[in-house]
Amino acid sequence: MSAEAKTAKEMLYVADPTGAPSYSGVIDVFAMHGLKYTLIGQIPDVDNPQGMTTDAAGNLYVTDIGVATEGPAVGDIKIFPKGSSVYSFEIVPAKWLPVDIAVGRDGTLYVANIAPIGTFSPGSVSVFPPSASQPSRVLRFKNDQVYGITLHGQSSTIYVSYSTLGSNDGAIDEFVRARGKPKSLGVSYSEPWGILEDGHDNLLALSGSGTVDVYAESNGKLVQQISVPNGAMFEAFNQSRNRLFVTNFQEVEILSYPGGKLLGSVDQSGWGGRSDYPTGVAYWPSP
C-alpha cells in the first residue's frame, strides 16, 4: 500500500469479494477527509471477505467465508496491521464459517458464524481469547443462519442478528458477558444482515430490503428507521459516531447519525472501475 496508508488519520476499509473479469477479491483502503475520499491501497483477499472491524491500534480484522472449489468452503479470520497488505495472524476455524466479527478492548474476538462448514445452518458465535487460535467457547442457540455481531461499548455483552428457523425474518439475541443462554430482544424484521451498537444502548439492525432499524436494548422498542438506497448489508461508525457507513450491495452510503440524512457515497469511481459488490466495511479510528 501507499505511504499514506500508514500515516492517514482516518481510513475506511471496504471489502469487495468479486472482481472483473474474473474472481479476484480485494479490500479497498480509502483515506477519508470529511466526505471526500482517496483510494490509497488495496489488500488482496480472494477468500470472500465479509464482516470487518478495527481496534484502537489500527489493526483490521476480517472474516472470510471462503470459496468452494472441490468440497465445502473453509473460511478464516485474518488480522492486518495498520498500513499493511499482509496479515500478521490467521485463524482457520475447525468447524465454522465466520461472517462477522467484533473485538474487545482486551483483544478478545467475538465471531458470528453463519453456519457450520459444509452445511447451511444453524449458525453460532465463537469467542477467542486474545492471540488464541482456538475458541474458548462456542455459543449455540436456536437459529437458522447468523449474520451479524456487535459488542456493547461498556461491557462484554454481545448482540447477534440472525434469521429465524423456517423464515427469512430477522431476530436479535443478547448474551450477557458473552456467556450462557441468549435473551431475545423480541424484535422481528426482514432480511437480516449486520448489527451495530451506537454507544447509547441502541442497536442498529440492517435489513437487506433497505432499512436501518434502530432498537432500544432495554425493551426492543423500535426507536427509529433509516432508509438506505438499494439495501443494507454491513455498517460501521466513524469515531464520533455521527456518521454511519453502510454497504448496500452496490456502493457505500454515508449517512448522518442519528439524523439518518444521506450525506454522500463511496461510488463506482472510487473502485477503479471494477464491477463491485461491497460487503464488509470498517472505519479507523474506531469509536
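No value in this document is a laboratory result; all are computed from the given coordinates. All of these numbers come straight from a predicted model, not from anything done at the bench. Cβ coordinates were reconstructed from backbone atoms using ideal geometry, including for glycine residues, and neighbour counts include every protein chain displayed.
At-a-glance table
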{"item": "Loop-located trypsin sites (Lys or Arg not before Pro) in region 109-165, at most 13 other Cβ atoms within 10 Å (DSSP)", "result": "LYS142"}
{"item": "Theoretical gain in end-to-end length, VAL223 to THR119 [0.36 nm per residue, Cα-Cα removed]", "result": "33.9 nm"}
{"item": "Kirkwood-based shape ratio for region 44-129, expressed as Rg/Rh from alpha carbons", "result": "0.97"}
{"item": "Stretchable slack from SER88 to GLN134, in nm (0.36 nm times residue separation minus alpha-carbon distance)", "result": "14.9 nm"}
{"item": "Loop sites in region 48-140: chymotrypsin sites (Phe, Trp or Tyr not before Pro), DSSP, at most 15 other Cβ within 10 Å", "result": "PHE120"}
{"item": "Number of Lys pairs (Cα under 26 Å; 8 or more positions apart or on different chains) in the chain", "result": "19"}
{"item": "Extension reserve of the SER190-HIS33 stretch, reckoned as 0.36 nm per residue once the Cα distance is removed", "result": "53.1 nm"}
{"item": "Region 4-284: proportion of alpha-carbon pairs further apart than 35 angstrom, %", "result": "9"}
